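Notes for the one structure printed next.
Please treat every number below as a calculation from the coordinates, not as lab data. Quick caveat: nothing in here was measured; it's all calculated off a predicted structure. A quick note on method: Cβ atoms are made from the backbone with ideal geometry, for glycine too, and the neighbour counts reach across all protein chains shown.
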Amino acid sequence: MQDIIDFLHRLAANNNREWFTAHKEECKAVQAQFATWVEKLAARMAAVDPTLVGLTARDMTYRIYRDTRFSHDKTPYKTHMGAFICRGGKKSGYAGYYFQLGAEDNRADFGSFHWETQHVVAPGHYCIEPKALQVLREDIVYGEGDFDRLVRSAAEARFTLLRENALKRNPKGFDKDASWSEYLRLRNFCLAYAPTTAEVTAPDFADRLLESFAAARPFIDYINRAIDFAREEM
């Protein structure tokens, strides 16, 4: 892991095509190292979750190139390497288990969390289909606190429920006084915590990450049940 982080740190300091071209073989080497590590982790997860059987690195990992079309930041390369381990692969539309290694050690204050450069453990779903989102919100209302209990349980395993881009008011179709409004206003359903470089480079990081993902699995299963129901109704 340290080799990957060191490369990302140098890439962050030299985020331009000239430097990257000169170090492309090194990039390929650390990407291969990361891909192998991810595949081994996914295989261990699949031993207890059959929906993850057969995933390859291509199903779970991402390109190093940034999409700069709609961004003010035109630097061409990501300064993190991430993987999304989920049923059917990263493009399936299901919730899953995301983590990334970044160029920077994490700040102590989670409020300063930075997706581009930091280490992240973030199981969940960041872009739920509208119909599935509606089903999920209905489940939250009628579940008599089930979702809240999942969030509280995850908090005991260090996770914070992200509230980025939440609505200011309850979504259409839900009364302003509806139960669990704080969750109804979410548009993304992700848990997250930010491990330190010391943690992600420790020999037992894979074991600790598996424990974290196991703690988040009830949360993931809850979201995926809503997605399955929405798709069956289409």
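Structural remarks
- For residue 86, residues with placed amide H under 5 Å, excluding near neighbours: 97
- Rounded to the nearest Hz, the phi-derived 3J(HN,Hα) couplings of the range 11-16 under the Karplus curve 6.51 cos²θ - 1.76 cosθ + 1.60 (θ = phi - 60°) are 5, 4, 7, 9, 7, 8, where x marks glycine and proline.
- Applying 1/(1 + (r/R0)^6) with R0 = 41 Å to the Cβ-Cβ distance of residue 10 and residue 182 gives a FRET efficiency near 0.50.
- For residue 133, net neighbour charge (Lys/Arg +1, Asp/Glu -1) across residues whose Cβ lies under 11 Å away: 0
- Computed over the chain with a Gaussian network model linking Cα atoms closer than 10 Å, the most mobile of 117, 51, 197 is 51.
- Gaussian network model of the chain, Cα within-10 Å springs - most flexible of 131, 91, 168: 168
- When the charge dipole of the chain is built from unit charges on Cβ atoms (+1 for Lys and Arg, -1 for Asp and Glu) and taken about the Cα centre, the candidate among 197, 178, 77 whose Cα reaches farthest toward its positive end is 77.
- Think of it as helices only: each DSSP H run of n ≥ 4 in the chain is worth -39500 (n - 2.57), and spread over all residues that comes to -14000 deg cm²/dmol at 222 nm.
- Cα-only Debye scattering, the chain: base-10 log of I(q)/I(0) at q = 0.11 Å⁻¹: -0.60
- Remark: the chain carries a charge dipole of roughly 740 debye about the Cα centre, counting +1 on each Lys and Arg Cβ and -1 on each Asp and Glu Cβ.
- Subtracting the Cα-Cα distance of residue 18 and residue 3 from 0.36 nm times their residue separation leaves 3.3 nm of extension gain.
- Here the 3J(HN,Hα) profile of the range 181-191, calculated from phi with Karplus coefficients 6.51, -1.76 and 1.60 at θ = phi - 60°, is 4, 4, 8, 5, 7, 5, 10, 10, 10, 10, 9 Hz, Gly and Pro shown as x.
- For the peptides 146-154, 219-227, the ranking by packing is 219-227, 146-154, with the highest mean count of neighbouring Cβ atoms within 10 Å listed first.
- Ranked for footprinting exposure by Cβ neighbours inside 10 Å, fewest first, 3, 177, 105 give 177, 3, 105.
- The lysines within cross-link reach of residue 24, meaning a Cα-to-Cα straight distance under 23 Å and a gap of 8 or more places when in the same chain, are 74, 78.
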